[in-house]
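Read the structure below first, then the notes.
The values are calculated or read from the model by the stated rules, or taken from the named source; none is laboratory data. Quantities reported herein were computed from a predicted structural model and do not represent experimental measurements. Glycine also receives a Cβ, built like all others from the backbone with ideal geometry; neighbour counts cover every protein chain displayed. These area figures cover heavy atoms from the full protein model, side chains too; ligands, DNA and RNA do not enter into them. Shrake-Rupley method; radii C 1.70, N 1.55, O 1.52, S 1.80 Å.
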Amino acid sequence: MKRRFIVFFLFWGLVGVATAAPVQVSDVRVWDGPDRLRLVLDLDRPARHHSFRLEGPPRLVIDLKGARLRARLPDLPGATPVKRLRSGQRRDGTLRIVLDLNGASGHRVYAVPPHRKKGHRLVVEVEKPAQARRARTPARSARTRGPREVVVAIDAGHGGEDPGAHGRHGTLEKDVVLAIARRLAVLVDKEPGMRAVLVRDGDYYLGLRERIQKAREARADLFVSIHADAFHNPRVRGSSVYVLSQRGASDEMARWLAESENASDLIGGVSLADKDDMLASVLLDLSLTGTIEASTRAAEKVLRALKRVNPVHQDNVQYAGFVVLKSPDIPSLLVETAFISNPSEERKLRSSRHQQRLARAILEGIRGYFNENPPPGTILAERRRSHVVRPGETLSELAKHYRTTVRALRESNGLDDDLLRVGQVLAIP
């Protein structure tokens with residue numbers, strides 16, 4: 001009996017010691033994005049936290065119960081909503097971290113569970129005032145009348161505390177895809193009638209749906225997300241291009257119809273707010289179906305161009321439910337430029353010359369897509385006036401391709417019949 005009591009006492013004594021051990025804050029990292037400052041605390045296990053605002057002067061206070069800071073607080077970049085970071089250990093074992101603010105700012109504090117190689121984290125986001133937010137797009141003169149430019153939203157995957165995949169020699173996916181995205185943006189901006197919008201133009205984190213929203217705010221005509229794949233077998237190699245799967249489209253449709261904040265949004269210029277459930281469902285289904293078809297046409301062009309600069313992992317366009325592909329009214333594709341886990345491809349991804357070749361190939365696909373499918377009201381649509389007949393083409397096929405009628409083509413070109421000759425130049429009505 002006495003032995004049992006001693007074992008019982010020792011067991012609970014050890015549990016008490018383990019319970020009393022403070023949560024270790026092993027690192028504190030800061031990421032400066034265009035819209036917010038993001039502070040990430042790495043923890044060895046979950047910690048109870050409480051946050052509150054104080055004024056005079058303005059500051060955000062975060063208390064972590066039973067925690068201890070084992071890292072130095074980072075320096076802050078310039079022009080952020082936070083002037084200074086401070087910390088202190090309270091008598092009750094609470095770790096207090098104070099953010100001295102530059103003024104009124106919205107904020108969020110939330111815990112993130114372990115994911116892959118990352119452990120527990122506490123994330124603090126402080127919004128920037130509107131006047132302090134950095135421009136994310138190259139400056140361009142605004143068009144007030146006449147046809148507009150085609151807008152291509154270019155999304156460099158991952159960023160900030162999310163590095164993406166790692167190469168064997170330390171290459172980070174977030175770095176190489178940003179380099180390719182920037183090169184692609186420069187090329188798109190050189191194309192007559194096109195304009196690039198960089199969804200992420202720095203080393204900061206953006207949520208997946210945030211990326212979609214940035215593209216929609218820019219009224220993008222095409223969304224291209226750039227990544228570098230990884231696999232446990234280092235021999236796997238090649239480029240791939242993905243569009244949204246039907247299953248992914250069905251899930252997204254259900255989400256849009258279920259969530260109240262989407263009710264007043266526009267799908268292809270049509271509001272769902274004043275539609276009954278059945279009509280809203282039909283409109284959304286039509287929009288998603290059309291978007292997937294357009295996405296596939298664009299993806300096929302890009303994949304064909306990539307085949308000339310890099311081996312492809314899959315010969316055909318692939319379908320998946322990636323969140324960044326789920327915009328209901330913007331044709332969207334995801335380009336896996338190469339396998340960063342393959343040492344040979346990792347080496348090429350680090351090469352500025354190969355990055356430029358990949359960017360040129362993606363541009364070639366984008367150009368080919370818009371040459372055949374220029375959005376109405378754009379400069380490209382105004383410029384597309386003619387078609388040179390190629391071997392095997394028929395008048396009915398061309399009418400379908402250009403979304404017109406055989407009769408309209410005959411009338412525009414003074415044709416008495418449907419016979420065409422190779423090299424003949426047709427005016428497109």
Response to the item:
Looking only at lysines whose Cα falls under 22 Å of Lys174's and that sit 8 or more positions away or on another chain, we get Lys117, Lys118, Lys214, Lys326, Lys348
Worksheet item: Which value, in Å² rounded to 10, gives the accessible area of Tyr205 with a 1.4 Å probe and all protein chains present?
Response: 80 Å²
Practice prompt. Could you tell me which of rounded, prolate or oblate describes region 299-429, using a ≥ b ≥ c as the square roots of the eigenvalues of the alpha-carbon gyration tensor, with rounded for a/c under 1.5 and, failing that, prolate when a/b is larger than b/c and oblate otherwise?
Written response: prolate
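Mind checking the per residue accessible area of region 299-429 for me, 1.4 Å probe, whole number of Å²?
On the way: 6670 Å² over 131 residues.
Per-residue value: 51 Å².
Any chance you could run the full-extension gain for Asp75 through Thr405? It's 0.36 nm times the residue separation minus the Cα-Cα distance, nm to one decimal. Walk me through the numbers before you get to the answer.
Numbers: separation 330, 0.36 × 330 = 118.80 nm, distance 6.45 nm.
Result: 112.4 nm gained on full extension.
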Response to the item:
Quick calc: nm separation of the 7 Å Cα→Cβ label points for Glu293 and Val112 -> 4.0 nm
Discussion item. Between Phe231 and Arg383, how high is the FRET efficiency from 1/(1 + (r/R0)^6) when r is the Cβ-Cβ distance and R₀ = 35 Å? Nearest 0.05.
Written reply: 0.25
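Please give the FRET efficiency for Arg347 paired with Lys83, using the beta carbon to beta carbon distance and R0 = 51 Å, rounded to the nearest 0.05. Present the calculation step by step, with values, prior to reporting the outcome.
Values: r = 43 Å, r/R0 = 0.85.
The value I calculate is 0.75.
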Worksheet item: Check Gly321: other-chain or 5+ apart residues with amide H under 5 Å from its amide H, H built from backbone geometry?
Response: Ser245
Fill in: Paramagnetic reach from Arg168 in region 319-343 [backbone N under 13 Å; point 7 Å along Cα→Cβ]
340-343
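Just to verify a number: FRET efficiency for Gln424 and Arg308, C-beta to C-beta distance, R0 = 30 Å, to 0.05? Don't skip to the end; give the middle numbers.
Details: r = 29 Å, r/R0 = 0.97.
Given R0 = 30 Å and the Cβ-Cβ separation, E is 0.55.
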Worksheet item: Considering only protein heavy atoms, what is the solvent-accessible area of Thr378 at a probe of 1.4 Å, reported in Å² to the nearest 10?
Response: 0 Å²
Worksheet item: From the square roots a ≥ b ≥ c of the eigenvalues of the alpha-carbon gyration tensor of region 21-139, which class results: rounded (a/c under 1.5), prolate (a/b over b/c), or oblate?
Response: oblate
Worksheet, complete the sentence: Computed Rg/Rh for region 301-353 (Cα atoms; Rh = Kirkwood radius) stands at 1.01
Practice prompt. Would you work out what percent of the accessible area of region 285-429, with all protein chains in place, is carbon or sulfur (probe 1.4 Å)?
Written response: 47 percent
